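The values are calculated or read from the model by the stated rules, or taken from the named source; none is laboratory data. These numbers come from a predicted model, not from an experiment. FYI the Cβ positions are ideal-geometry reconstructions off the backbone, even for glycines, and counts take in every protein chain you see. Side chains included, ligands, DNA and RNA excluded: accessible areas come from the protein's heavy atoms. Shrake-Rupley method; radii C 1.70, N 1.55, O 1.52, S 1.80 Å.
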Amino acid sequence: MKLAYVILYVPDVAKTVAFYEKAFGLSRRFIHETGQYAEMETGATALAFASEEMASTTRPGFRRNRIESEPAGAELAFVTENVGKSFTYAVSAGAESVLEPTQKPWGQVVSYVRDLDGFLVEICSEVSQ
């Protein structure tokens, strides 16, 4: 088995895709003509967005991500060679700063932002082994 997709349910797929392009430099792979589903190029595992309307047909009553609410118990993590630059770029594009770049004891640099829907996003370096 392999991980193929991570799907976030969002109120506005097109707006979220545009934000991820601007804030994190991702490229769109596919947007369905209905505007209810999209995929981003992120390597072997695709980052996808689906409308909250689609989620409610699968599982009524799910908890929606909102910037004014506590973040969900999950995160996305993007690896970059320059965490500071990527963090600053994401914040200037509208991401909410959570934690500025911080050096961890194991050598990794990590930072956190929240996207326009309130989902937690880690911007980090590779883990040193």
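Within the chain, the longest run free of GluC sites (Glu not before Pro) that sit in a DSSP loop with at most 10 other Cβ atoms within 10 Å is 82-129. Within the stretch 113-128, whose backbone N sits under 16 Å from a point 7 Å along Cα→Cβ of V98? Residues 113-125 qualify, since their backbone N sits under 16 Å from the label point.
Of all DSSP beta bridges located in the chain, what percent are antiparallel, nearest 5?
Values: 18 of 29 bridges.
Percentage antiparallel, nearest 5: 60.
The fraction of all Cα pairs in the stretch 1-52 landing in successive 5 Å bins from 0 to the largest distance is 5, 23, 33, 25, 11, 3, 1, given as whole percents. Quick check on the chain: take the gyration tensor over C-alpha atoms, sort the square-rooted eigenvalues as a ≥ b ≥ c, and tell me if it's rounded (a/c under 1.5), prolate or oblate. In terms of gyration-tensor shape, prolate. All other residues whose Cβ lies under 15 angstrom from that of E100 are scored, Lys and Arg at +1 and Asp and Glu at -1, for a net of +1. In the context of the full protein assembly, Y37 retains an accessible surface of approximately 40 Å², using a probe radius of 1.4 Å and ignoring ligands and nucleic acids. Using the Cβ atoms and a cut-off under 14 Å, what net charge is assigned to the surroundings of G43, where Lys and Arg are +1 and Asp and Glu are -1? That sum, taken over residues with Cβ under 14 Å, equals -1. Its alpha carbons give the stretch 40-96 an Rg and a Dmax of 14.6, 40 Å.
Between E53 and M1, residue separation times 0.36 nm minus the direct Cα-Cα distance comes to 15.9 nm. Rolling a 1.4 Å probe over the protein heavy atoms gives the stretch 54-129 an accessible area of 61 Å² per residue. Rolling a 1.4 Å probe over the protein heavy atoms of the chain, with every protein chain left in place, gives an accessible area that is 52 percent carbon and sulfur.
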